[in-house]
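The values are calculated or read from the model by the stated rules, or taken from the named source; none is laboratory data. Since we're looking at a predicted model, the values are computed, not measured. Ideal geometry is used to build each Cβ from the backbone, glycine not excepted, and the neighbour counts take in all protein chains shown.
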Amino acid sequence: MPTANNTISKQEKVVDILGLPVNSLTMEDVLRRADQSVASRKQLLLGVINAAKVVNARKNACLKQSLQQANLILADGVPIVWLSRLMGFGLPERIAGIDIMYKLLELSSEKNYAVYFLGAKPDVLRKVIEFVQNNYPGLRIAGFRDGYFKQSEEKEVAEEIRESKADILFVAMSSPKKENFLEKWHRFTLVPICHGVGGSFDIIAGITKRAPAWMQKCGLEWLYRVIQEPARMWKRYLVTNTIFIKLSFGAIVRARFSRLFRRFAHCSQKSE
């Protein structure tokens with residue numbers, strides 16, 4: 001269930017996906033909430049999950065705790081949406097973290113919002129800033145800093161972000177580092193919208209390529225990453241995908257059995 005700091009309206013449905021509360025929202029819903037957060041200066045921490053992150057959260061208590069602190073947890077991976085539908089819950093759509101970032105960049109350009117960019121290597125970050133300046137002219141750059149800092153420097157980084165008075169913070173670091181950083185410091189920064197974007201800066205900078213649209217729709221982005229970085233990625237995805245399929249099968253059986261039991265109990269009550 002959502003944590004106490006979440007601000008979810010009664011109309012918003014939350015679906016339990018293998019122990020994580022995923023918000024049943026569309027991209028339009030998320031952008032509306034984000035715009036409201038900037039206007040009110042009320043913080044909104046976004047979290048996204050895919051199959052690998054779900055599996056890792058089950059064995060990494062810190063990662064799971066960090067994810068549960070998010071105000072919204074969204075289905076980044078297509079398999080998460082498929083699983084929700086097979087369980088009978090039906091999340092409306094996939095909302096990829098990188099797509100949220102692009103939409104927030106558009107919103108920032110339209111409304112002159114200030115954005116802070118944190119993460120990646122210095123040369124990658126410079127390319128990201130150049131891309132943003134060229135493609136989102138209405139956006140104000142509140143500041144930027146690469147992701148290669150020591151844990152002892154975290155407070156200094158958080159203070160810099162706070163002083164920038166940014167409206168949006170993008171954190172481009174790997175999991176669980178970005179989730180842990182945001183859990184620890186997002187309230188301190190006072191930034192209305194905080195979003196961990198993983199390797200998205202590398203894609204913007206042209207270092208890595210995103211999977212073709214057809215592979216995204218088929219839930220095969222993981223395979224595209226393996227093709228690009230086979231030595232680093234094949235074992236990671238072989239293990240996590242296998243575990244996810246096993247966990248999903250159990251969750252589907254339990255969900256359908258539970259629905260069948262409720263129907264039986266309802267029919268029994270009506271017949272009495």
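The table below gives the values:
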| quantity | calculated |
| --- | --- |
| All helices (runs of 4 or more DSSP H) inside region 153-259 with 2 or more residues being free of Cβ contacts under 8 Å to residues at least 24 places away in the same chain | 154-164, 213-217, 221-228 |
| Looking only at region 175-211, and only at residues there that are of a type in the set (Ser, Thr, Tyr) and over 13 Å from the mean Cα position of the chain (by Cα), the one that is nearest to Gly97 (Cα to Cα) | Thr208 |
| So Glu153, is it more than 30 Å from Val253 (Cβ to Cβ) and either of a type in the set (S, T, N, Q) or at pLDDT 95 or above (or both) | yes |
| Residue tally, condition of a type in the set (Lys, Arg), under 25 Å from the mean Cα position of the chain (by Cα) and at pLDDT below 90, over region 213-269 | 5 |
| Condition met for Gly97 (under 13 Å from the mean Cα position of the chain (by Cα) and among the small types (Gly, Ala, Ser)) | yes |
| Counted residues, region 69-102 - those being out of contact with any helix residue (DSSP H, G or I) (no Cβ under 9 Å at 6 or more places or on another chain) and not hydrophobic (A, V, I, L, M, F, W, C) | 2 |
| Among the candidates Ser84, Ser24, Ser108, residue that is touching a Leu at 6+ places or on another chain (Cβ under 6 Å), touching a residue at least 60 places away in the same chain (Cβ under 8 Å) and under 23 Å from Phe144 (Cα atoms) | Ser108 |
| Check on Lys184, surrounded by 13 or more Cβ atoms within 10 Å (Cβ to Cβ) and over 23 Å from Val128 (Cα atoms) | yes |
| Breaking point among (1) out of contact with any strand residue (DSSP E or B) (no Cβ under 6 Å at 6 or more places or on another chain); (2) on the phi > 0 side of the Ramachandran plot, for Thr189 | (2) |
| Those residues of region 52-62 which are among the hydrophobic types (A, V, I, L, M, F, W, C) and under 12 Å from the mean Cα position of the chain (by Cα), in sequence order | Val54 |
| Hits in region 187-197 - residues which are surrounded by fewer than 24 Cβ atoms within 10 Å (Cβ to Cβ) and of a type outside the set (Ser, Thr, Tyr) | Arg187, Phe188, Leu190, Pro192 |
| Among (1) in a helix (DSSP H, G or I); (2) within 22 Å of the chain's Cα centre (by Cα) - the single one Asp123 does not satisfy | (2) |
| Residue tally, condition surrounded by fewer than 21 Cβ atoms within 10 Å (Cβ to Cβ) and farther than 16 Å from Leu169 by Cα, over region 21-39 | 7 |
| Single residue of region 73-113 satisfying the filter (acidic (Asp, Glu) and closer than 18 Å to Ile49 by Cα) that is surrounded by the fewest Cβ atoms within 10 Å (Cβ to Cβ) | Glu93 |
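Rundown of residues vs (1) farther than 19 Å from Tyr136 by Cβ; (2) among the β-branched types (Val, Ile, Thr), yes/no style:
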position: Val171; (1), (2): no, yes
position: Lys177; (1), (2): yes, no
position: Leu182; (1), (2): yes, no
position: Arg187; (1), (2): yes, no
position: Gly198; (1), (2): yes, no
position: Asp202; (1), (2): no, no
position: Ile207; (1), (2): yes, yes
position: Ala211; (1), (2): yes, no
position: Ile227; (1), (2): yes, yes
